[in-house]
Structure formats: C-alpha cells, structure tokens
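These notes concern the structure reproduced below.
The values are calculated or read from the model by the stated rules, or taken from the named source; none is laboratory data. Predicted, not measured: the structure shown is a model, and the values here were computed from it. Ideal geometry is used to build each Cβ from the backbone, glycine not excepted, and the neighbour counts take in all protein chains shown. Areas reflect the complete protein model, heavy atoms only, side chains present, ligands, DNA and RNA absent. Shrake-Rupley method; radii C 1.70, N 1.55, O 1.52, S 1.80 Å.
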Amino acid sequence: MKQQCKAVALISGGLDSMLAVKVIQEQGIHVEGINFFTGFCVEGHTHAVRKKHQDKQKRNNALWVAAQLGIKLHIVDVVEEYKDILLNPAHGYGKNVNPCLDCKTFMVKKAVQWIKEHNFDFIITGEVVGQRPMSQRRETMPVVAKESGGNDLLVRPLSAKQLPETLPEREGWLDREKLYDFSGRTRKPQMALAAKFSFKDYAQPAGGCCMLTDENYAIKLQDMWHNRPSRDYELDDIIMLKMGRHFRLAPHLKLIIGREEGENRFMQGYKNQFMSVYPTSHPGALCVVDGEFKSDEERDQALALVARYSQGKNEPQVKLVIRQSTGEEQEYSICPMLPDDINKDWLI
Amino acid sequence: MSADQHKEPYYVDARRLLCPLPVIRVQDAVVKLNTGDRVVVISTDPGAKADIPAWCRINGHEVLDIVEQDNEIIITVLVNHEQ
Ligand code: SF4
C-alpha cells in the first residue's frame, strides 16, 4: 500500500489557498505550503515602515495561514528569477503591470521542481475557474498546467470538478466527489466553505497581495522603466517605489520625499547608495535623489521642493544639506517653493 | 532537546531587510544547521518579531530569546529537525 500521499500547496496568504489546503487535508493527505517572494508582495514593507499602518497587524499572511492549517511553510526567494517573468512575459500584462499568467506558470513550475526534490506527490493551488481575468480563466488554467510542466499533477481543489481529472484523482489518492466545482467571480461559495471550516479573520487579498496589480505602483514602475536606460531593476528599486512621494523633475532626476518619520528613517538606510537632501534649520522630510542635478537651477528647484516639506515651509529661508552617497555634505539656504509653483505633472 | 551552549551560534544579519526576507534568511541558515544549533538573527524590521516566531512554531524550531535594543531586534532560535 502506498504511504501517505504528500502535496505541496501554493500559499498566497489569501482565503482560496487556505480552503484548498483544508479540502485536501480532509482527504488524509499530508500538505506543506510553499510561498514565493517576488519582491512585489504588499505586506511587510509598507506595514512595517508606515505609522499610518501601525494599527494593521504586522503579520505575514502566508505564515498566518500555515499556522491556522498546522502546516509547514517554505518561503522561497525568487526575486532574481522573477525579473525575467516581469520584464518579458510571454502572455503580456493584465490591467496594470501584472504578468499573472506567466507568474502563475512560473510558480507552478518552481513547485514541480520542489516536489521532485522533496519527494512529494502533487501540487495544489487555490485557483478558481473564472475568478480572475488573466490567469484564472477557463481557457488559461490548462495553459498554466501545461506550460509549467505541472500537467495532471496540478490539482485545483476548489474547481476540480470543472476541470479534467488529475492523476491523484485517477490513482484514487483523492476522491473527486469530495472536491468542488466553484467558478466565476462570486466569492459566496468560498465564504460558505470558510464558514463550514470555521475559518475567521482571513485575509482577502484577491490580487491585493501583489503590488503589480496596484495602479499607483504600476505608474511608478513604468515611470522608472521609461526614464532609465534599461528596464532591469534591483530589489531596492522596487522597494523604494513603495516609499514616499515621487516627483519626476526631469528624465534624469526623481526626488523621493518621505511622508512620515517611519519612511524617513527607512530611507536613511539608502544614504550610502543615493544622494540625499535633508533640512537642518527645521524638522522635515528626508529626500532621496534618484538621479543627478545637471544644473544649479535643478539643484535649487529640488532644494526648494524639499524645503516645502519641512516645518520651515512658510519661512523666508530654510537651510538644507545635500549629502552625496560618498558622505560629502554641503549646506544651502533656500526659499521654500510655494504650493502653486509645484508642477502637478511632477508627482507620479 | 537542548542547545549546545558551548557551540558558537550562527549569526544572521538581517538588518535593513524587510519581511519576509529576515524569515527567509533564518530559514536558509536553519537548513544548513543541525538539531541543537542556535541561530541569532539581528533584524530592524518590527515585523520580524511576529514572523520569525511564527515561522519557528510551524516548522518545529524554538525561539529561545527576543531582545530589542537600539532599534534592533535580536532573536535566538534553537534548531530542531527531529519531528
Ligand atoms: S497578482 Fe501578482 S503574484 Fe498574483 S499571479 Fe498576478 S502577478 Fe503573480
């Protein structure tokens, strides 16, 4: 007789993957979770840094879900490999810069590799037919299974009855009758199943766990791509896009001005990588300079804008320091910019 | 299971990293170590205070100590692969 079967579940931290795991656990399967860190996950960065978010629990939803289900969780850093998925998605982008179809395929492919290395039997995801416009359409779900190499080892317990039979069902490891037939955008069946399993307090990301689906983030990322010689990026670049107000003064010059103390403190950590500007005569925001000043006018414009975000904004003069990434500092005195002089097009 | 107090702990510098990277760094260290070894992780992300113990709980490792000083969070983990 075959030993207890083992499945690995893609855990996003949302309700659907949580339900999918529970459904499979109920059939006596040993399940462990896998979570991929692409660098674009919402939680963590903003919640950790911003005071505005202090009331939100600083919990990692994937870890929380794993704890609720009593399963192990393996978090895999895919930041480097993910660059190619984001920069060159074979199936293109969704509404924003979300390459969902390629992303899902990539994650399942990584899971296929993982089950081979760890001697697991199959993979489960919380996908639901028709739930999401790109990767979870009836036509695209088989594409993910095929292109990832997951094929019939990929089980979607919440929509299994809407999809062809998989190997675990054929082999009798799973009873197809006990799997579900959810489809469409309604969340009602998931809510009902959550109630049946007595799940409370679950996260409701539905795409909200990924910055790539966020319109404002997408605009900032596209601005960065547009104004740099190459679209390639580092982890720090994509984290910085979540911090502060971004002002694009010129193709070669962007200012990132902290919105609050937490961000200022966090951005301090980049002072040896980027030029920075901070007021010395008054308390105020820290500014990280992505680019360079090509003229004294550009420098003064930047200083005046940063002075506007200091407590000296109504004073005739504010003193500020420009600090080079090498540590050299020079102090300047400038008249803060008037609100009407802030070009609306600068703000990204 | 008890820690081998004489053996130097393995240090993980996760300063300036935001969650879940401190957890990933701990996880990568734990895989290479043996039961009874200790990992000391230094983080500046307040989220690490919740996430590293949560990761330890679900994966069977033990948090021996959490100390906060000068905006740093220092967490000592006792590795346990025997479960
Ligand atoms: S929302 Fe983000 S993480 Fe989810 S499939 Fe799309 S690109 Fe990938």
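Screening the candidates A:Lys319, A:Lys294 for the property of being part of a loop (DSSP other than H, G, I, E, B) and at pLDDT 95 or above yields one hit, A:Lys294.
Residues in the range A:215-242 that are charged (D, E, K, R) and either open to solvent by less than 60 Å² (accessible area, probe 1.4 Å) or touching an Asp or Glu at 6+ places or on another chain (Cβ under 6 Å) (or both): A:Lys220, A:Asp223, A:Asp236, A:Asp237, A:Lys242. Hey, could you check the range A:243-256 for residues that are crowded, with 19+ Cβ neighbours inside 10 Å and part of a loop (DSSP other than H, G, I, E, B) and say which is farthest from the other protein chains (Cβ to nearest Cβ)? Ranking the qualifying residues of the range A:243-256, first place goes to A:Gly244.
Select from the range A:165-186 the residues that are open to solvent by 60 Å² or more (accessible area, probe 1.4 Å) and modelled with pLDDT under 95 and write down the one among them that is farthest from A:Arg138 (Cα to Cα). Selected residue: A:Thr186. Looking across the range A:314-323, the residues that are open to solvent by 70 Å² or more (accessible area, probe 1.4 Å) and either free of Cβ contacts under 8 Å to residues at least 24 places away in the same chain or of a type outside the set (Lys, Arg) (or both) come down to A:Asn314, A:Glu315, A:Pro316, A:Gln317.
Okay, residues lined up against (1) more than 21 Å from A:Thr38 (Cα to Cα); (2) within 15 Å of the ligand (Cβ to nearest atom); (3) crowded, with 20+ Cβ neighbours inside 10 Å:
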residue	(1), (2), (3)
A:Trp64	no, no, yes
A:Gln68	yes, no, no
A:Lys72	no, no, no
A:Lys95	no, yes, no
A:Asn98	no, yes, yes
A:Met107	no, yes, yes
A:His118	yes, no, no
A:Phe122	yes, no, yes
A:Thr125	no, yes, yes
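Here is a check on your reading of the model: is B:Asp45 in contact with a Pro (Cβ under 9 Å, 6 or more places away or on another chain) and in a loop (DSSP other than H, G, I, E, B)? Taking the combined requirement at face value, the residue satisfies it. Figure legend. Inter-residue proximity from the range A:288-312: first residues in contact (Cβ under 8 Å) with a residue 12 or more places away in the chain, second residues of a type in the set (D, E, K, R) and part of a loop (DSSP other than H, G, I, E, B), beta-carbon distance below 9 Å, spacing 6+ or different chains. Indicated pairs: A:Val288/A:Lys271; A:Glu298/A:Glu292; A:Ala307/A:Lys313; A:Ala307/A:Glu315; A:Tyr309/A:Arg259.
With respect to the stated conditions, A:Glu80 fails to be within 12 Å of chain B (Cβ to nearest Cβ), open to solvent by 10 Å² or more (accessible area, probe 1.4 Å) and modelled with pLDDT of 95 or more.
Residues in the range A:1-12 that are closer than 17 Å to A:Gln136 by Cα and outside any strand (DSSP E or B) were compared, and the one that is modelled with the highest pLDDT is A:Ile11.
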